[in-house]
Structures are given as structure tokens and as C-alpha cells.
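What follows draws every value from the coordinates through simple rules; no lab data is involved. It should be emphasised that the depicted structure is a prediction, and the values quoted were computed from it without experimental measurement. Here Cβ is always computed from backbone atoms with ideal geometry, including for glycine, and neighbour counts include all displayed protein chains.
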Amino acid sequence: MNILEKFFKICEFRITEGSEYCWSCFGDDAYCLDSWSGDQNGHSFTVIFDKKTQTVYELQAHDYANNRAYRWFDPMYRKAFFDEAQNKGTDSNEAWDDLSYVELDVLDDFFEKMQAIYDRRPYDTRVQVPVEFSDEELLTYMKMAHDRDITFNQFVEDAIRTMIKEMDSDLDGFDSRIKKWKTKM
């Protein structure tokens, strides 16, 4: 199923607004469609796509009930958006009233959150992070997770959290600490 089709199916083809996309970062044929629940404590969804090629540049999900906003970009066009935002002097991360977007890298993560928001049910607010390992690394890390009696996902999540804490504590020595941390694994 393509991205536009999935977007329309989740919002049950309820489109409430549409307009030409006013920025130039996605080209001359960029168009924006919105689906709003009609409720200030409800939700709205936005898709920005190319009218000719059907390329989806950006998706947005706004959960007004929980004061959360999510966004996904086609990686090939993300930089163009942020470059234009910088040139315009706008806060490219603000969704509304000083609330920042949570940017999602995994398209399925976006659609899972969008569906839950549409259904008005609880959802996982954590962000899925794509990771790649060689077969050898994967086996090593799975064994380490087993030795610690935790799931592989928990092992990866713990490693990512540790690296974020390390990076936040001292950016200058971060590279050397990564090499040291990898040898301990």
C-alpha cells in the first residue's frame, strides 16, 4: 500500500481542507491536504505531496487531546524543508503554541500513532529508531541480551539511552567513549 493510500484510509478519506503548498522546498506541484476531526480536543492530519508524481514529502499528525504533534519527512526532501525554514527565519520544529514536533524516522511508527490518534486510544509515545547490524554483531548483541536476561529490543534501547547520556554529558570526548563502550560489549 502506498503512503497516500494509507494516509487516506486511516482518516477514512475525510479531507477537510486543501491548498497549494506555499513554500518552494518541495517544488511547484506540492499540494497540502488536511483532515480535521472538527473538535478542538480531537485531531488533525496533514499530507504534503506532489500532484503529478504522488511523492509524499511530509506527514503530520496533531493530537490535540494529548497536546502532541508528530511529523515524518521523506528523507530525500527533509533538508530542503529545513533549509527553507532557516532562510525564512521560522521555527521549523514548532507545531503550535511552543509545542515542538516529534520527528519520526520510521514510517510505520508514524502510521501506528496516526491510527491510534484517529481512534482516540492510548498509544506508545516512544520513537522507533532504525538500527542496522551485521549478522555477526546481531548474534553478539543477542547473546549479550540473553546473558542479561532482557529482550533484544530492551538491550538496544538501553544502549541508545546510554549513548545519549554519554553524549549529553561531554560532547568533546564522545567519540573516544563510543570506541571504549563498543569494546566492553
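Observations, loosely collected:
- For the pair residue 103 and residue 29, a Förster radius of 30 Å applied to the C-beta separation gives a FRET efficiency near 0.80, rounded to the nearest 0.05.
- Per-pair calculated FRET efficiency, R0 = 25 Å: residue 76 and residue 125 via Cβ, rounded to 0.05: 0.40
- Angle in degrees between helix 135-147 and the longest Cα principal axis of the chain, rounded to the nearest 10: 70
- Ranking of 169, 44 by count of other Cβ atoms within 10 Å, fewest first: 169, 44
- Applying the Karplus relation 6.51 cos²θ - 1.76 cosθ + 1.60 with θ = phi - 60° to the range 7-17 yields 3J(HN,Hα) values of 4, 5, 5, 5, 8, 6, 6, 8, 9, 9, 8 Hz, where x marks Gly and Pro.
- Footprinting exposure proxy for 58, 136 (fewest neighbouring C-beta atoms within 10 Å first): 136, 58
- In terms of surrounding Cβ atoms within a 10 Å radius of their Cβ, 114, 76, 142 rank from fewest to most as 76, 142, 114.
- Using a Gaussian network model of the chain in which every pair of alpha carbons under 10 angstrom is joined by a spring, one finds that among 81, 13, 152 the greatest mean-square fluctuation is at 152.
- Springs join every pair of Cα atoms under 10 Å in this Gaussian network model of the chain, and among 64, 123, 141 the largest mean-square fluctuation is at 141.
- Farthest towards the positive end of the charge dipole of the chain, among the residues 133, 61, 2, is the Cα of 133, using unit charges on the Cβ of Lys, Arg, Asp and Glu.
- Residues of the range 139-162 with amide N under 20 Å of the 7 Å Cα→Cβ point at residue 169: 155-162
- Net charge of Cβ neighbours under 12 Å - reference residue 123; Lys, Arg +1; Asp, Glu -1: 0
- Normalised per residue, the volume of the convex hull around the Cα set of the chain (Å³): 168
- Loop trypsin sites (Lys or Arg not before Pro), the range 40-137, which have at most 11 other Cβ atoms in a 10 Å radius of their Cβ (DSSP): 52, 126
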